[in-house]
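The structure appears right after this line, and notes come after that.
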């Protein structure tokens, strides 16, 4: 079972992603974060396999949270997948430099989301 944390400040997005992933046998949603700081805290306590991370969030943005998570040796097994509407090259490059293992637009269909998560761990 792949444990997933969803980090997005929009409740509608978190709910939609959770609903989409609930139907996939190999994926379990273990938590939801409403900002980057909460994503870091939940990553440290829940130890998810994958974090779907939005870029623009309050308190700490997704890039800052990704950097903190990816630089924490205790979280070396956590894969951060950036999940955002900001698909410009600058954001992709910044996310990858921060340590993200992938980048997915919020317009992705359910199969693409599932494949992106499953391919990070297997």
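Consider the stretch 41-66. How many of its residues are at pLDDT 95 or above, assigned to a helix (DSSP H, G or I) and crowded, with 23+ Cβ neighbours inside 10 Å?
3
If you check residue 52 against the conditions, is it in contact with a helix residue (DSSP H, G or I) (Cβ under 8 Å, 6 or more places away or on another chain), touching a residue at least 60 places away in the same chain (Cβ under 8 Å) and closer than 15 Å to residue 5 by Cα?
yes
Counting just the residues of the stretch 81-110 that are in a helix (DSSP H, G or I) and at pLDDT 90 or above, which one comes out surrounded by the fewest Cβ atoms within 10 Å (Cβ to Cβ)? Please lay out each step first, then the result.
Initial filter on the stretch 81-110 (in a helix (DSSP H, G or I)): 89-98, 110.
Next, only the ones that are at pLDDT 90 or above stay: 97-98.
On the way: 97: 12, 98: 21.
Among residues in the stretch 81-110 that are in a helix (DSSP H, G or I) and at pLDDT 90 or above, the one surrounded by the fewest Cβ atoms within 10 Å (Cβ to Cβ) is 97.
I'd like the full set of residues that are assigned to a strand (DSSP E or B) and buried (at least 17 other Cβ atoms within 10 Å of the Cβ), limited to the stretch 1-29. Before you say what the answer is, go through the steps one by one.
Step one: list which residues in the stretch 1-29 are assigned to a strand (DSSP E or B), which gives 2-7, 27-29.
Result: 2, 3, 4, 5, 6, 7, 27, 29.
The values are calculated or read from the model by the stated rules, or taken from the named source; none is laboratory data. Because the structure is predicted, anything quoted here is derived from the model rather than measured. Please note: Cβ atoms are built from the backbone with ideal geometry, for glycine as well, and neighbour counts cover all protein chains shown.
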